[in-house]
1. About the Cα centre of the chain, what is the dipole size in debye to 20, counting +1 per Lys and Arg Cβ and -1 per Asp and Glu Cβ, all else neutral?
2. Tell me, what is the FRET efficiency for residue 83 and residue 62 to the nearest 0.05, using R0 = 22 angstrom and their Cβ-Cβ distance as r?
3. How far apart, in nm, are two points set 7 Å out from the Cα along the Cα-to-Cβ line at residue 55 and at residue 38?
4. Roughly what % of Cα-Cα distances in the chain sit above 17 Å, to the whole percent?
5. Arrange the residues 50, 15 by how much accessible surface each exposes, largest first, with a 1.4 angstrom probe.
6. Within the chain, what whole-number % of the accessible surface is contributed by carbon and sulfur, with the 1.4 Å probe and all protein chains included in the calculation?
7. If I ignore ligands, DNA and RNA and count only protein heavy atoms, how much of residue 30 is accessible to a 1.4 Å probe, in Å² to the nearest 10?
8. Hydropathy at least -1.0 by Kyte-Doolittle, axial extent at least 24 angstrom from the Cα trace: which helices of the chain, defined as entire DSSP H runs, fit?
Amino acid sequence: MNEYINEYIESRKKDKLSELSYYIYQKQLEKFFKYIENKNLTIVNVRRSDVEEYIARLQEEKSSISFINQMISSLKGFFEYLKENKKINNPMV
């Protein structure tokens with residue numbers, strides 16, 4: 001799964017963000033991947049409800065609003081990238 005993250009980060013380099021921004025994207029996506037792997041899911045079969053459950057878990061853990069919003073933004077961009085580049089065929093995207 002890390003190959004998808006690496007490809008996505010590389011694709012974002014054209015946006016000329018700071019290295020810290022790329023690092024944050026990577027860590028956020030890795031955290032989400034770890035969560036879905038613990039649920040025995042893959043990026044191919046993850047559902048919207050799994051993402052919603054993950055966000056709810058972050059809220060329960062008292063993650064800051066800004067962190068949660070960043071995570072949502074990261075996931076949205078990531079799934080849009082996967083869809084646009086036909087990396088997966090998942091109705092969630």
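The values are calculated or read from the model by the stated rules, or taken from the named source; none is laboratory data. Quick caveat, the model's predicted, so the values are computed rather than measured. Using ideal geometry, Cβ is built from the backbone for each residue, glycine included, and neighbour counts are taken over all protein chains shown. Heavy atoms of the whole protein, side chains included, go into the accessibility calculation; ligands, DNA and RNA do not. Shrake-Rupley method; radii C 1.70, N 1.55, O 1.52, S 1.80 Å.
1. Charge dipole, the chain, about its Cα centre: 140 debye, nearest 20.
2. 0.10
3. My value for the distance between the label points is 2.0 nm.
4. Considering the chain, 48 percent of its Cα-Cα pairs are separated by more than 17 Å.
5. 15, 50
6. For the chain, the apolar C and S fraction of the accessible surface comes to 48 percent.
7. Solvent-accessible area, nearest 10 Å²: 50 Å².
8. Helices meeting the criterion: 19-38, 65-84.
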